[in-house]
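Visitor: One structure coming up, written as structure tokens, with questions to follow.
The values are calculated or read from the model by the stated rules, or taken from the named source; none is laboratory data. Remember, it's a predicted structure, so these values are computed and weren't measured experimentally. Positions of Cβ are backbone-derived with ideal geometry, glycine not excepted, and every protein chain shown enters the neighbour counts. SASA here: full protein model, heavy atoms, side chains in, ligands and nucleic acids out. Shrake-Rupley method; radii C 1.70, N 1.55, O 1.52, S 1.80 Å.
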Amino acid sequence: MSIEHTLLLNQANVRLLLVTANTGSIFEKPDLLAAWLIEFGNLVRQHPSDFIALHCQEVGGKDYEKFMHTLDQFLKNFLELPEISSDFTRYRLYFDSDYTSQEAFTALGCVYLIRQNLSVQQWNFTSSSFQAVVNRQIFAGNLVNAQTIRKEKYPKEFCPEAKWSRKGFTQTRWLINGFTFDLVNVHLFHDASNLLAIEHSPSMYSKCRRSALQYTLQNLSLDCSGKHVPYVIFGDFNFRLDARRLVDYISEKRSDLIDEIREENSDEITKMIIKNEHNIPKLTIQKKEFNLHDNHDSFFNINTQQARMFDFESSSFDDHIFEYEKAFPPSYPYSEEQHEARSYLRARCPAWCDRILLSHSFKNIVDTQTENPTYDTIGYDVCVGDHKPVYLSLTIRLVQDANDHIQRLKTLNRPSNIKTELHTLNVQNNKSLETLSESTDPEDLLSKKSLLLPTTSMLTNDDDHRTVLAHYVFPANIKHTIVRFIRETPV
């Protein structure tokens, strides 16, 4: 049996590892970043995969103007993880990091890692065609030059309460063994005030999220026949428990007392306290406080059955999307103290904000006979920020024409005689500033620029594939000039 046919048999089942992570905390605290990277490496080792997709939100941290410069170090450390550098020979990385463009900035990041010998093609939204993924690329900045990803920021009218937000979505399209599917990164609107969230059921914020998600699903690019393709949408949906019903449930006893504290010379409620029959507070709510006092962690982390009764915000989309059963506690908001890895902050009502949802057409090709999907959080016993990353490990069963697949495999080893070049681009106006082609040695090129991204170890003396380094520069703030790079290294 030929090598190509052996590979085809091995690839009838493709193992996917999908991860969503709100990284707002780890960019601002180096100790959290170190723990996060260790836990991610452990996950990759525990769930061997052929294709890994990581969707990040709040890239650069909550104070992105101050901490966006740490993105370079994050990428360097991430790509140097042994579990990634040794096995994944091709990747696509996209990071929307140009916060100076407020009308388009989403702070979304997408990482797609491909194991050696897996034939993968990616959709080019500009040329409307698939192209083989045979190299390594990193895109950062405002992503206007990235033709293989769609990015859109939600219109302000979706959530008038949000003065200015980074909420939006990205879309990439992939072709593996004849199966076309989309991967969508999403960040929906959060609850700005606990007091406003408990006024109605569903809350005003829930309605904003519903509109944004409906818009996202309706605006995914169609295929050539005008139909939607199977998709997985995963990110920080900011889905919350129905706070109004939860408060009613907690205060259902007639003996409970409810104190409503109002602002002086106003009818506006600034604080609500629910007390038991002994006048001891059971629940305190302020704009940025949601505190069940002695029962807080046990209610949400230990015995989560009660909390699950109020987790139905996604149910209005059941006809479109599917979610595997969540056996893990709410993914947000965890304490950022090292010794409180399992404790929740008392600022928001804990909820399953971070999720991985499948279209029904995608779910239908999941292979549950070989191995059941695993849906869980990362770092349950380790502090990795206020969000615990959520992952889904599964296998998809693919069938296609053998000859067609063999031709794709051969393209992975097709040599290129294109010489090595270094392009310097201005992200703001997209004009090429200079092109240097003095040397074909990537080490010579690296010595000419102070690159912060790691160099590849895939080039050999016999490797005549191209290496292209593109250097993105854009204004950041008075203190920093942020530097971003694209690195392409064919396998």
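Visitor: Picking from SER331, SER343, SER335, which residue would you name as being without any contact (Cβ under 8 Å) to a residue 60 or more places away in the chain, closer than 23 Å to ALA243 by Cα, open to solvent by 10 Å² or more (accessible area, probe 1.4 Å) and polar (S, T, N, Q)?
Guide: Exactly one residue qualifies, and that residue is SER343.
Visitor: Here's another thing I want to ask about it. Which residue pairs have Cβ atoms closer than 7 Å, lie 6 or more positions apart in sequence or on different chains, and pair a first residue in segment 171-188 that is more than 13 Å from GLN122 (Cβ to Cβ) with a second residue that is assigned to a strand (DSSP E or B) and open to solvent by 10 Å² or more (accessible area, probe 1.4 Å)?
Guide: These pairs meet every condition: VAL184/TYR231.
Visitor: Quickly run through segment 27-74 and pick out the residues that are open to solvent by 10 Å² or more (accessible area, probe 1.4 Å), farther than 21 Å from SER85 by Cβ and hydrophobic (A, V, I, L, M, F, W, C).
Guide: If the condition is that a residue be open to solvent by 10 Å² or more (accessible area, probe 1.4 Å), farther than 21 Å from SER85 by Cβ and hydrophobic (A, V, I, L, M, F, W, C), then PHE27, PHE67 are the ones that fit.
Visitor: Something else: Name the single residue, out of those in segment 174-213 being part of a loop (DSSP other than H, G, I, E, B) and charged (D, E, K, R), that is farthest from the chain's Cα centre (by Cα).
Guide: Filtering segment 174-213 for residues that are part of a loop (DSSP other than H, G, I, E, B) and charged (D, E, K, R), the one farthest from the chain's Cα centre (by Cα) comes out as GLU199.
Visitor: Please go through segment 214-262 and give me each residue that is assigned to a loop (DSSP other than H, G, I, E, B), of a type in the set (Lys, Arg) and more than 30 Å from ALA107 (Cα to Cα), ordered by number.
Guide: LYS253, ARG254
Visitor: Can you name every residue in segment 267-301 that is over 21 Å from PRO330 (Cβ atoms), open to solvent by less than 60 Å² (accessible area, probe 1.4 Å) and outside any strand (DSSP E or B)?
Guide: ASN276
Visitor: Can you pull out the strands (runs of 3 or more DSSP E) entirely within segment 76-166 that have at least 1 residues that are aromatic (Phe, Trp, Tyr) and open to solvent by less than 40 Å² (accessible area, probe 1.4 Å)?
Guide: Fully inside segment 76-166 and qualifying: 88-96, 109-115, 120-124, 136-141.
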